[in-house]
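The values are calculated or read from the model by the stated rules, or taken from the named source; none is laboratory data. Note that the structure is a prediction, hence the values are computed from the model and not measured. Here the Cβ positions follow ideal geometry from the backbone for every residue, glycine too, while neighbour counts run over all protein chains shown. Ligands, DNA and RNA are stripped out before the accessible areas are found, and what is left, the full protein with its side chains, is counted by its heavy atoms. Shrake-Rupley method; radii C 1.70, N 1.55, O 1.52, S 1.80 Å.
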Amino acid sequence: LRFPRILGEAVVSTQSTGNSSEPIVTLGERVKPSKKKPKVGKKGHSDAVMCMSWSRQNTNILASGGADNTILLWDLETASAKEVLSNHKDKVQSLAWHLAESTTLLTGSYDSTCSLIDCRTKNSKTWAFDGEVECVSWTTTSPFSFVAGTSEGRAVCVDIRQTKPLFTIAAHDSEVSGVAMSRHMPGLLVTCSADKTVKAWKVTESAASCVATREFGDCMSLHTIALCPDYGTMLAIGGLQGGLQLWDLATNREFREAFSIPTQGS
């Protein structure tokens, strides 16, 4: 899956044709920036595509968030937007479908809010934060909680059944640009930031403690992270420069001690 931040257009996957790669589906059209609200159909966003999230339960459904403040729900079988959601007043920066509830979508925006949207009924619930929401991720320890990273350097854990956060971490000196939760190691949260650092946290229901930190100075500014789905401690890091970086968290002694991981050969 790849998508350029072209105005209004998202490219879904690629297929190899000879010596080149061509899109299987192109959603939307290239357009000039506009304040017009997008409509259902094939035209797509009226400004840059900022983020996308593929539904695990309904694999023909893709959600995209735009600089036009909207979320589009695409049907990949028809390559057209079936729903337009206008829950935010500023750019939609991050999206995450619920891991089990097929119609529940979590969104984060530059308007300093996260919204939880039932895409069937359009009912929603919103939480306000002290900075722009840079990224969101569902926790893997509870189906009722998520983590949001903000422009103020904080990582905030929220229980969707409550109005106030479970806890807030002063995680970084600059915006938290990426958050990731491990499916293999309960309680493992990883954050990255424009301050060039990646931090691993051990999370409980009410608090978090930092167990490992590493600086990636050659990357200049870190933009995104992802934990390997098959190898629970392998982390991929993407930044402004330096290409793709990999870090096996288990090579850090403090991390191994915090999560009771035996040293190889012991």
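Here are a few things to note about the model shown:
- For the chain, fraction of C-alpha pairs farther apart than 27 Å, in %: 39
- Within the chain, longest stretch free of exposed GluC sites (Glu not before Pro) [DSSP loop, at most 14 other beta carbons within 10 Å]: 102-204
- Here the Gaussian network model covers the chain, with springs between Cα atoms less than 10 Å apart; of SER80, SER46, SER94, SER80 fluctuates the most.
- For the stretch 112-157, the C-alpha radius of gyration divided by 2.2 N^0.38 Å, with N the number of residues, is 1.20.
- For the stretch 153-225, the direction-averaged projected area of the alpha-carbon convex hull comes to 5.0 nm².
- Mean separation of Cα contacts under 8 Å (6+ apart) over length of the chain, as relative contact order %: 8
- For the stretch 100-128 versus the stretch 162-216, the gap between their alpha-carbon centres in whole angstrom: 22
- Taking all protein chains as shown and a probe of 1.4 angstrom, TRP54 keeps an accessible surface of around 100 Å².
- A simple spin-label model places pseudo-atoms 7 Å from Cα toward Cβ; at LYS164 and ILE261 they are separated by 3.5 nm.
- Accessible area of the chain belonging to carbon and sulfur atoms, whole % at 1.4 Å probe: 48
- In this structure the stretch 197-266 gives 58 Å² per residue of accessible area when probed at 1.4 Å with all protein chains present.
- Within-15-Å neighbourhood charge of SER142 [Cβ basis; K, R +1; D, E -1]: -1
- In the stretch 102-182, the inverse of the mean reciprocal separation of distinct Cα atoms equals 12.6 Å; this is its Kirkwood hydrodynamic radius.
- Over the stretch 167-266, equivalent-ellipsoid semi-axes from the Cα gyration tensor in Å: 21, 17, 12
- More than 24 Å apart - percent of Cα-Cα pairs taken over the stretch 112-245: 26
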